[in-house]
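Below is one structure; the comments refer to it alone.
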Amino acid sequence: MSSVELKLKLPDDLAEEARAAGLLTPQAIERLLREEVRRRAVSGLFAAADRLATEEGPPLTEAEVDAEIQAVRASRRASGAGRR
């Protein structure tokens, strides 16, 4: 597990609201970051789907889709992505 130290400059009212809501704890920051990483990944998938929808040519076969999925999974395993 990595250790990262953050220093934030927030407006006083936001800092107080976040503190009162328990959002400035390490656990809350971790949860917020995980949610944002997940949100961006989903957004990227939808963007890729939109790009694919504009592509011309025959659709991929089931075997081609499976091969693409396997390639992405292998790439993620090799880079260590998805480790928690």
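Of all the residues that make up the stretch 1-38, how many are within 19 Å of GLY80 (Cα to Cα) and basic (Lys, Arg)?
Let us first name the residues in the stretch 1-38 that are within 19 Å of GLY80 (Cα to Cα), namely 1-4, 30, 33-38.
With basic (Lys, Arg) added as a condition, the list becomes 34, 38.
Number of matching residues: 2.
Can you tell me which residue is nearest to SER2 (Cα to Cα) among those in the stretch 15-54 that are among the acidic types (Asp, Glu) and within 25 Å of the chain's Cα centre (by Cα)?
Step by step, filter the stretch 15-54, then rank; the result is GLU30.
All of the numbers you see were taken from the coordinates with simple rules; none came from a lab. All of these numbers come straight from a predicted model, not from anything done at the bench.
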